[in-house]
Structures are given as C-alpha cells and as structure tokens.
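Please read the structure below before turning to the comments.
The values are calculated or read from the model by the stated rules, or taken from the named source; none is laboratory data. All values derive from a computational prediction rather than experimental measurement. Backbone-built Cβ (ideal geometry, glycine too); neighbour counts: all protein chains shown. For the accessible areas, the whole protein counts, side chains as well, though only heavy atoms, and no ligand, DNA or RNA atoms are used. Shrake-Rupley method; radii C 1.70, N 1.55, O 1.52, S 1.80 Å.
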Amino acid sequence: MLAARLCTMKKLSSVLARTLTSGTSGSLSLPDMSEVRSRLRDIVGASTNWRDHVQAMQERKALHTLLAKRQEDLPPKRMKDSYLEVILPLGSQPEIREKYLNVHNSVRFGRILEDLDSLGVLICYTHTKQEAQPRSPLSIVTALVDKINLCKKIIYPDCDIKFTGNVSWVGRTSMEVKMHMLQLHDGDYSPVLDATFVMVARDPENKRPAFVNPLIPESPEEEEIFKQGEFNKTKRIDFSTASLLKMAPTAEERNIVHDIFLNTLDTRMVSFRSRVLPPNSMWMEDAKLKSLQICHPQERNIFNRIFGGFLMRKAFELGWATACSCGGSRPFIVSVDDIMFQRPVEVGSLLLLSAQVCYTEKNYIQVRVHSEVYDADTREHQTTNIFHFTFISGKEVPRVVPKTYGESMLYLDGKRHFTATIKEI
C-alpha cells in the first residue's frame, strides 16, 4: 500500500516540477521556515511585540482602500507565480533539530503541521501579491485542511526536508494550496507527504471576505490540477450535505448500528439496557482523552489570534496519545483530513480538546478531536475546530463499541472518514 502511494506521489512531484519550474531560475539558497514567518510579518505589518499589537492592527485599517471591488479588476496569475520551495535544514543545521525531535528519535509531526500552515499562507500571499503594494490589504487565513496523506511512517530528524507548494485552484475569495514534503536521503529528495489546504481571503480587519486574483492554467497538466480543485470543492459540499448532524444514517449504516446493539445484548436478561462487551473490544466511552490549553500571546499568529498550526499540533498530539492508549503500542499517522476552522481562537482563551477513538479496523485507529473555547465570564462553550486523524498501529487493536445513539453516530462518522481515506490511498 505504501509503495503504491509513494509511486503516486513521485508522479505528482514530477508533474509539479515540470509544469511550475520550467522557465524559472533555480536558487542555490532556499528560504527556511524562519524566513517564511518573517516574510509573513512583513507582508501584513505584524508586530513582533505583543504590547504593540493593537497599534499594528489599527494601522491595517487604512489598507481598506487597496481592496479590489471586483475580482475582474485583479490581474490573473499562473500556478508558477505562487510556486515556492522552502528548506527545513535538520541535517545541515543540527541546532534547530531539538525543536522537531520526539522521544522516538524521529520528527514531531505536530511541528510539520505548523510549518505547512505557515507555508500555505505565504503561498497564497505570493499568489495575490501586487508589486505596487509593499503591504497586503488581505488577511489570509486557513479555512480547511482538506487532506494530508503520508507515504512514510518515520520522518528522520537528521536529514534536510524540503517543502514545495503552489496555489492549485481559486474561487472568488478562496484558494486551494497543494504542498509536498520531501526528505533528503543519499543525495536525493524522496516524497514524504502531500497536503491540500483551503485558504480564505478577508479584509484588513479580518471581518469580511475579499476578492483574490483568478488563476489561469497554462498546460494540460495544470488543467487537470485545476479540475481536481473543482472536484474537491464539490466533494466537500456533498460530504457536508450528507453529515450525520444533518441527515439520518443510510439503511446500511442503520443495520450496522443495530447489529452492534444485538451483539452487545446480555442474552441472560430480557432487557434493552443490559449490555455485554464482546471479546477483544472496548467501550467507546473508555477510548477518549481530554486536555486544557491556556492560549498565551506566544502562540498568536500575524493577526493576533491563536496560530492555526498550534491548534493542529496540540490536537494531533492529543489524538496520538489517545490512539496509543487504545492500541497499546506506538501509532503512526497515516492521514489527516477534513479539519474545519469554524471560528478563531482569541489570545487568553481556555481551549478544551477532547479526543475520541471513534472507529477501529484491524491495525487502524480513527480519532476525532473536538476543540472548543470556554468563556469564563459567560460560562459558554463554542466549537472552534474538528480534527480527523487516521493512525496505524504495530499490532491489531481492540474494536471500539458504541453504547448510546450519539456514540453510534460518532462511530459511523469515523467509519465514513476511514473508508474515504483507505479508498484514496
């Protein structure tokens, strides 16, 4: 399975290299992730000091006059215009290695999520850049992590990593970004993962949508990439429409839930309430973990809200711990999908994360992480994000069994995400 995915990712990388870098001059010195974040601060005029953040955001209000009133007023861009390559020099600069190192002597995937989020935003700013404007009037934020698929279990901490990416599809106010991560081995870069993010552009105060430059494909390969972006948008709409929060389960899914119910009934008792756990199983209520984060200014983004990459890292690490406790051995991330950023997280918030193993099959563990903020003044909870992670364990894992109807819906939702992931890889 991994070999097939590796072949597919190599093909994608070669298409990108051929279609996006032709006619461009290569650079001997690629920017690193610290330069990515420095560029982002310069583009929006963000302050590096928390005490100056109010003044910096006030200054951005003056940029409203630079916004386009129609998308047609903006010049079309090509895919190669937004193409970037960035280096993460873990091998050539050992001093940065410890930040990325985990206890298993491999790279922390949560840190990679942070880097992908920063790079995706910079790629979009590169697409929308106007030469006459030193500062962008746009506030570009992550709306969705559509998919991250990995083709390697282990990311080595002592080999350089290269990220590449470009805008692959554009709507009126949104952009799809495709990114690839490769790692240096024996003088060659080999694929590790590919990622698809969706970013949205908003006004300088991050309150209303703003138009972005249209995208013009220049070759048959780019036409296919652009069509895939359209297909991804349609697929997301269809998946959302069929959500179990909106629609009843299908007839097949109802049968699955009823079979689970029948298989857990205590045959000695004539009762709907008496339940027995089958062998090699665990109740879903016993397969969850929770955590609390206080959102400090250190974790803010360029718009002085909590950095989306930080939220993804914390959610992933809790999800990993939950999968580890369920499976009884070290789990490896296979796929990340359908991370919705429903509302921003303000600095100072109390962030509550709840991770739930919602589906297991053989060695696979599907984990859902729910993120919400708690307002201590109003005592209200508001959902900010939903995360979906697919892990693989070194041995077969217990089957999770739902008890309640709500848990059954989580089980079916997890099964849907798992089935979609397996079908794709």
Ordering of 90-99, 151-160 by packing [mean C-beta count within 10 Å, highest first]: 151-160, 90-99
Total formal charge among the other residues, if their Cβ is under 11 angstrom from that of K403, Lys/Arg +1 and Asp/Glu -1: -1
Residue-by-residue Karplus 3J(HN,Hα) for region 45-50, coefficients 6.51, -1.76, 1.60, Hz, glycine and proline x: x, 6, 8, 7, 10, 4
Reachable lysines from K362, criterion Cα separation under 24 angstrom, eight or more residues apart if same chain: K147, K152, K153, K288, K395, K403, K415, K423
Residue-wise HN-Hα coupling along region 130-137, computed from phi with Karplus coefficients 6.51, -1.76, 1.60 (Hz; x: Gly, Pro): 10, 4, 7, 10, x, 10, 7, x
Cut-off under 5 Å, modelled amide H: who pairs with G171 long-range: E176
Sulfur and carbon atoms: percent of accessible area, region 308-348 [1.4 Å]: 54 percent
Helix-only CD estimate at 222 nm, as mean residue ellipticity for the chain, using -39500 (n - 2.57) per DSSP H run (n ≥ 4): -10500 deg cm²/dmol
Computed lengthening from R275 to S354, 0.36 nm per intervening residue step minus Cα-Cα distance: 25.9 nm
In order through region 210-223: 3J(HN,Hα) via Karplus (6.51 cos²θ - 1.76 cosθ + 1.60), integer Hz, x for Gly, Pro: 9, 6, 10, 4, x, 10, 10, x, 10, 8, x, 4, 5, 4
Length gained when the stretch E396-K129 is fully extended (0.36 nm per residue, less Cα-Cα span): 91.1 nm
Accessible surface, the chain, averaged per residue in Å² (probe 1.4 Å): 49 Å²
Pair H258, T419: separation of 7 Å Cα→Cβ label points (nm): 1.7 nm
Amide H within-cut-off set for D32, under 5 Å, with H built and near neighbours excluded: I87
Carbon/sulfur fraction of accessible area - region 130-274, other protein chains in place, 1.4 Å, %: 55 percent
Antiparallel bridges, percent of DSSP beta bridges restricted to the chain (to nearest 5): 95 percent
Euclidean distance of C-alpha centroids, region 58-80 and region 204-236, integer Å: 16 Å
Region 350-425 versus region 257-336: alpha-carbon centroid distance in Å: 5 Å
Ordering of 116-127, 47-58, 288-299 by burial proxy (mean other Cβ atoms within 10 Å per residue, highest first): 116-127, 288-299, 47-58
